[in-house]
Amino acid sequence: MTDNKTDSKHIDWRQLSFHYTETDYIVRAACRNGVWEKPYATKDKYMSVHVASTGIQYGQGVFEGLKAFRGVDGKVRVFRMHDNARRMQRSAEGLRMTPVPEALFCEAILLALEKNMDFVPPYETGATLYFRPVLFATTPEISVEPGKDCEFVVIPTPIGSYFAGGFHCTPFIVNRTIDRAAPLGTGQWKAGGNYGASFRASEAAHTLGYDCMFTDAKTHRYIDECSAANFIGIQQTEKGITYLTPRSTAILPSITNDSLMTIAREAGMRGVCRPISGGGGGRSTPAYTRGGVGRYAGGCCVRYGMCGVTYKQGV
């Protein structure tokens with residue numbers, strides 16, 4: 001099998017986008033009969049999986065996203081790794097999979113970092129080493145029931161900004177005709193099917209030069225998510241500044257959003273999680289987007305409907 005990995009010496013770190021760049025190693029671990037094996041590093045990026053596995057047939061799979069940053073002191077730090085481990089456990093339980101133990105998850109991430117240290121971008125290039133932990137069921141089954149055996153894989157890749165504009169105003173269009181996830185469905189977990197369900201709306205938005213903003217599936221009145229990221233609003237009134245983010249059972253709890261809300265409260269803002277109207281009228285509020293996989297986007301331009309009014313918000 002041909003090894004087509006990228007030589008880290010030839011990477012232009014400042015030109016990286018949010019796309020896959022092959023590194024030296026991935027890390028794997030398997031769960032058989034409820035027992036997890038020790039994670040190991042391998043250069044082989046291909047896997048053999050039974051065609052009748054429930055991961056393939058029924059989408060019984062979840063994933064995570066986290067980053068390692070090189071600091072001004074040269075040290076490399078992984079951002080809130082334990083929180084990602086616990087969130088993946090909740091997702092696994094939601095899809096009736098055997099959760100990855102927190103210690104094993106962290107061991108696998110640190111092993112992937114150790115084996116791919118040359119791919120951690122230099123400080124202040126705007127790039128990071130991103131880890132994509134994936135967990136999927138491998139049990140062969142035709143009946144509609146969950147598989148118990150699982151494969152856990154950590155895929156490292158250096159990335160730049162999720163949004164092409166980077167730290168700039170990002171245009172969004174509100175699409176009320178396609179839902180991403182239902183209130184009592186899988187939206188609160190990082191299930192692959194949630195993202196596949198968004199492709200139809202996001203591709204339609206991209207053809208118009210926008211990213212897609214999703215409203216709640218029940219009423220289509222309230223903002224759920226921006227593309228694959230949480231929504232943030234900064235509201236200033238005579239009572240002070242409020243950090244707003246939607247409350248919804250169809251939204252994945254963002255670790256970065258939680259971090260930003262903590263910083264906002266420490267800076268004297270009120271932190272509020274509540275339903276946020278997705279209507280096109282009323283007093284405007286500066287809007288931002290933030291998710292576990294992307295960088296913080298500085299402001300957004302929101303268009304309501306395919307032929308609707310456009311509202312622009314800046315930093």
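The values are calculated or read from the model by the stated rules, or taken from the named source; none is laboratory data. Computed from a prediction, not measured in an experiment: that's the story for all the values here. We place every Cβ from the backbone using ideal geometry, glycine too, and count neighbours over all the protein chains shown.
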Q.
Conditions first: (1) at pLDDT below 90; (2) of a type outside the set (Asp, Glu); (3) in contact with a Leu (Cβ under 8 Å, 6 or more places away or on another chain); (4) not in a strand (DSSP E or B). PRO121 passes all but one, so which condition is the exception?
A. (1)
Q) Identify, please: which residue in segment 193-213 is more than 19 Å from PHE63 (Cβ to Cβ) and touching a residue at least 40 places away in the same chain (Cβ under 8 Å) and is, among those, farthest from the chain's Cα centre (by Cα)? A) LEU208
Q) Are there any strands (runs of 3 or more DSSP E) wholly within segment 197-305 with 2 or more residues that are at pLDDT below 90 and assigned by TED's automatic domain parsing to the domain that holds THR186, and if so which? A) 211-215, 223-226, 229-237, 287-290, 300-304
Q: Confirm whether MET117 is in the same structural domain as LYS45 (by TED's automatic domain parsing) and surrounded by fewer than 17 Cβ atoms within 10 Å (Cβ to Cβ).
A: yes
Q: Take segment 169-192 and flag every residue that is within 15 Å of the chain's Cα centre (by Cα) and of a type outside the set (A, V, I, L, M, F, W, C).
A: ARG180, THR186, GLY187, GLN188, LYS190, GLY192
Q: Just name the residue that is modelled with the highest pLDDT out of those in segment 168-192 that are outside any strand (DSSP E or B) and farther than 23 Å from ARG247 by Cβ.
A: GLY192
Q) Could you give every pair whose Cβ atoms fall below 8 Å, whose first residue belongs to segment 71-93 and is not assigned by TED's automatic domain parsing to the domain that holds THR256, and whose second residue is small (Gly, Ala, Ser) and in a helix (DSSP H, G or I), counting only separations of at least 6 or pairs across chains? A) ARG80/SER259
Q: Give the residue that is surrounded by the most Cβ atoms within 10 Å (Cβ to Cβ), with candidates limited to residues of segment 94-110 that are aliphatic (A, V, I, L, M) and touching a residue at least 12 places away in the same chain (Cβ under 8 Å).
A: MET97
Q.
Tally up the residues in segment 124-159 that are among the basic types (Lys, Arg) and either surrounded by 24 or more Cβ atoms within 10 Å (Cβ to Cβ) or under 15 Å from VAL27 (Cβ atoms) (or both), please.
A. 1
Q. Taking the stated definitions as given, is ARG132 among the basic types (Lys, Arg), in contact (Cβ under 8 Å) with a residue 40 or more places away in the chain and either farther than 22 Å from MET47 by Cα or not in a helix (DSSP H, G or I) (or both)?
A. yes
Q.
Restricting to segment 1-45, count the residues that are within 25 Å of GLU102 (Cα to Cα) and assigned to a loop (DSSP other than H, G, I, E, B).
A. 11
